Amino acid sequence: MSEERKKRETPLLDELESGPWPSFVKEIKKSDTPMADDLLGVLERSYEEHIGHWKHGGLVGVMGYGGGVIGRYSDVPQDFPEVAEFHTMRINQPAAWFYTSDALRKITDIWERHGSGLTNMHGSTGDIVLLGCKTEALEPTFAELTSLGFDLGGSGSDMRTPSCCIGQARCEWACYDTMGACYDFTQTYQDELHRPAFPYKYKLKFAGCPNDCVASVARSDMSFIGVWRDDIKVDAEQVKAYAASGKLDIQQDVCDRCPTRCMRWDGASLAIDNANCVKCMHCINAMPKALAPGDDRGAAILIGAKAPIVGGALLGSVLVPFIKMEPPYEEIKELLSRIWDLWAEYGKNRERVGEFIQRLGLGNFLEQIGLEPVPEMITAPRANPYVFYQDTVEEEA
Amino acid sequence: MSASPRKTDIGPPHYEQFLPPVVKKNYGQWKYHEILKPGVMVHVAASGDKLFTVRAASPRLLSIVTIRMFADLADRFSGGFLRFTSRNNVEFLLSDPANIDPLIAALKKEGFPVGGIGPSISNCVHTQGWVHCHSAASDASGVVKAVMDDLYPHFANMDMPGKLRIAFACCLNMCGAVHCSDIAILGIHRKAPKIKHSDLPKMCEIPSLVSSCPTGAVRPATVEGVQSVEIIEEQCMYCGNCFTVCPAMKIANAENDGLSIWVGGKVSNARTEPKFSKLAIPFLPNNPPRWPEVVGAVRTIVDAYAANARKFERMGEWIERIGWPSFFRLTDIPFSKYHIDDFKHAGETFRRSIHMRQV
């Protein structure tokens with residue numbers, strides 16, 4: 001087959017086949033389909049002209065779903081007919097991106113039959129991205145994927161595909177079962193995931209500890225970051241072993257880097273003032289064999305992180321300083337539905353929940369969702385005296 | 001297949017079927033881990049069981065041919081079990097340490113280098129760029145390939161003061177959420193969309209086009225007798241949302257699109273709080289296929305960090321310790337009015353003390 005097709009000349013892209021880093025140009029060439037040929041052709045044109053050649057495309061999707069497919073059309077279809085339609089399918093990844101070779105092969109077989117043979121492993125939110133197919137391929141691909149046990153992820157103004165770190169599957173620092181929680185929330189909210197009904201997107205991410213390997217504090221409207229309440233566990237012999245190894249200066253590399261200076265090292269033993277530990281993870285990261293998070297574990301819930309569009313980027317802010325993360329997560333789901341109800345009713349179109357809270361005021365937001373304000377939610381009380389008092393005494397007429 | 005009822009809302013497959021036996025057995029019972037060498041670590045469970053991880057880079061954009069090759073390697077070396085990381089690396093999960101070196105050799109032969117663990121530069125998080133996005137101001141895969149070809153030794157060796165995370169997004173929408181990275185490369189448009197009034201009434205619905213603009217910069221207007229729209233240019237911040245709903249509003253502009261560089265963000269809570277990346281370089285040109293200006297700028301910043309930061313210090317922690325004026329001096333990056341915030345809460349970044357290093 002491939003010999004019969006006329007290969008496009010791509011001298012600029014060919015330069016990106018060399019070098020030690022894996023080459024996406026090689027990947028597109030390996031795919032060796034007519035769609036991949038035209039993708040390479042249109043990309044070469046972008047490299048020549050310094051401009052993209054894609055249009056966003058109206059409503060494409062699978063029956064009964066409002067999300068999960070990103071419509072994409074070429075603005076030069078006459079020159080690159082094989083990618084005139086080049087839609088993306090987002091497939092909800094297994095928690096923490098675990099696979100067997102068998103499952104991966106079956107996905108690739110489906111994509112060989114219906115699409116370009118190109119993927120992203122994975123998209124920014126976490127989905128398996130099947131990159132490029134024609135409109136007519138969407139339903140057959142979907143049917144085969146669901147037969148295999150996979151389903152579409154989110155797109156548009158819906159709950160986006162939740163994602164999580166590796167958690168207790170491999171990491172000794174995971175303060176709760178991130179994979180279990182991610183799977184549970186994803187299954188609970190299938191309707192919210194597949195049928196956009198919110199003012200804008202709503203992302204959930206589950207990180208097992210304050211190292212936050214899934215960047216939940218920056219990238220999710222609701223972020224569950226594992227943390228503990230009791231004392232850091234210390235293996236005194238292992239602390240000494242780190243000191244003796246010569247690879248770590250306990251005073252300089254550990255104690256002096258503690259943000260609250262709550263650790264003391266006298267050359268033989270390490271003392272921790274746990275009441276002043278802010279669970280930053282540095283000492284544990286530096287000495288994983290000697291120190292570990294305590295046993296009273298759960299998560300902090302943060303709300304409102306987002307990228308710049310529309311009203312500027314936000315990091316998540318503390319909504320619940322600590323909560324036990326235990327199935328079936330009833331208390332959290334009740335909180336989430338109160339937030340969604342309020343935001344769905346009063347949020348403006350394309351207003352993320354973080355921006356909504358800024359418009360409403362965090363204090364008013366908390367009142368509306370029935371959560372008590374606590375000082376852990378802020379870095380400092382207000383410095384301006386423009387307080388809008390609501391509990392004043394009314395004079396009698 | 002037509003005989004079976006159409007399945008919907010089944011959600012992702014349960015992860016348990018993809019976990020290696022050693023993970024299932026020791027789930028939640030891991031005790032500690034050690035980095036054995038670049039790209040290789042061992043996790044030890046309370047039971048004494050060990051799980052070896054070998055991490056390799058991928059270009060994120062993968063053909064099914066490569067995915068099958070990964071599957072074959074997993075069958076040969078890790079019992080068929082593998083996973084991907086949040087930064088587009090592939091990880092093989094081994095029970096037998098004797099398989100580590102043969103796996104690394106096999107990956108190397110296929111062109112997939114092993115590394116990215118510990119004090120190193122891990123794989124880049126990035127977006128689609130010209131490969132697939134309608135609002136891209138640059139290509140993502142190409143810039144990342146060029147930058148990582150240059151920085152590759154820092155992926156393959158643990159020779160950085162601390163972790164260094166690079167991310168790329170091809171416009172302000174930031175699908176790659178690059179705004180909290182040690183180094184962020186961000187594609188930027190610098191001109192409001194050009195309106196093609198001849199096509200607009202045929203291709204676009206004016207009310208939905210007007211409401212697509214987050215800043216209200218798009219207004220209905222009659223132009224040369226045609227129902228169309230106008231743009232208040234000062235209100236446009238180049239998000240491309242109008243182009244998303246209306247192809248007659250092309251935002252891309254070959255002469256004016258380019259890239260900006262941002263530094264010092266992080267998401268981890270280790271030592272210091274998570275922080276945003278801040279503007280280092282407001283504009284660099286699109287210069288494919290290898291974007292030498294961008295590669296050079298990133299290299300300059302990485303070199304300055306590597307030479308001056310203390311052990312464990314992230315880019316942002318180092319810059320905060322030495323101060324931003326020192327950062328600009330050390331990197332020889334020119335400071336301009338574009339570096340000074342003029343959006344909401346801009347005044348929060350004005351210096352209101354005499355705490356300056358006088359030079």
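Couple of notes before you dig in:
- When only alpha carbons are used to place a centre, segment B:58-79 and segment A:181-206 end up 30 Å from one another.
- Each Lys and Arg Cβ is given +1 and each Asp and Glu Cβ -1; about its Cα centre, the protein assembly as shown then shows a dipole of about 1360 debye.
- Shielding by partners, peptide A:186-193 (average Cβ within 10 angstrom, other chains): 2
- Gyration tensor (alpha-carbon) shape descriptor, segment A:187-263, a/c threshold 1.5: prolate
- Calculated FRET efficiency for the pair B:Ile35/B:Lys109, C-beta based, R₀ 25 Å, to 0.05: 0.60
- Shape call, segment A:44-158: gyration tensor on alpha carbons, a/c limit 1.5: prolate
- Kirkwood radius, segment A:237-386, all distinct C-alpha pairs, inverse of mean reciprocal distance: 18.7 Å.
- Cα-based values for chain A, radius of gyration first and Dmax second, are 25.5, 94 Å.
- Partners for B:Lys275 among aspartates and glutamates (Cα-Cα distance below 15 Å; same-chain residues under 8 apart left out): A:Asp212, B:Asp182, B:Glu313, B:Glu317, B:Glu320, B:Glu348
- Inter-label distance, nm, simple model (7 Å from Cα along the C-beta direction), A:Asp14/A:Asp109: 3.7 nm
- All-pairs Cα distance distribution in segment B:1-148, expressed in whole percent, bin size 10 Å: 10, 33, 31, 18, 7, 0
- Spin-label pair A:Tyr389/A:Glu345, simplified geometry with 7 Å Cα→Cβ offset, distance in nm: 2.9 nm
- Kirkwood Rh (inverse of mean 1/r, distinct Cα pairs), chain B, angstrom: 23.3 Å
- Options B:Cys236, A:Gln358, B:Leu82, ranked by Cα towards positive dipole end of the protein assembly as shown, top entry (Cβ charges): B:Leu82
- Net charge contributed by nearby residues that have their C-beta within less than 15 Å of A:Leu270 (K/R +1, D/E -1): -2
- A crude spin-label estimate for the pair A:Lys7 and B:Glu234, with each label 7 Å from Cα along the Cβ direction, gives 5.5 nm.
- Reported to the nearest whole Å, the Cα centre-to-centre distance from segment B:265-320 to segment A:348-386 is 32.
- Shape category assigned to the protein assembly as shown from the gyration tensor of Cα positions, a/c cut at 1.5: rounded
- Calculated translational diffusion coefficient of segment B:178-282 (37 °C, 0.692 mPa s; Stokes-Einstein with Kirkwood radius over alpha-carbon pairs) equals 211 µm²/s.
- Cut-off 13 Å between beta-carbons: net charge of the residues surrounding B:Ala192, Lys and Arg +1, Asp and Glu -1: +1
- Cross-link pairs exceeding 29 Å between alpha carbons, from the set A:Lys279/B:Lys311; A:Lys30/B:Lys108; A:Lys240/B:Lys24; A:Lys26/A:Lys205: A:Lys240/B:Lys24; A:Lys26/A:Lys205.
- Equivalent ellipsoid semi-axes - Cα gyration tensor, segment A:229-312, angstrom: 30, 15, 12
- Residues B:Ala346 and A:Leu362, FRET efficiency given R0 of 22 Å [Cβ-Cβ distance, rounded to 0.05]: 0.55
- Dipole of segment B:121-225, positive end: most advanced residue of B:Gly162, B:Val131, B:Pro207 [Cβ charges, Cα centre]: B:Pro207
- Positive end of the dipole of segment A:158-223 (Cβ unit charges, origin at the Cα centre): among A:Gln168, A:Thr186, A:Val214, the Cα lying farthest that way belongs to A:Val214.
- DSSP beta bridges fully contained in the protein assembly as shown are about 85 percent antiparallel.
Readers should treat all values here as calculations from the given coordinates under stated rules, not as data from a laboratory. None of these values were measured; they are calculated from a predicted model. Every residue, glycine among them, receives a Cβ derived from its backbone with ideal geometry; neighbour counts consider all protein chains shown.
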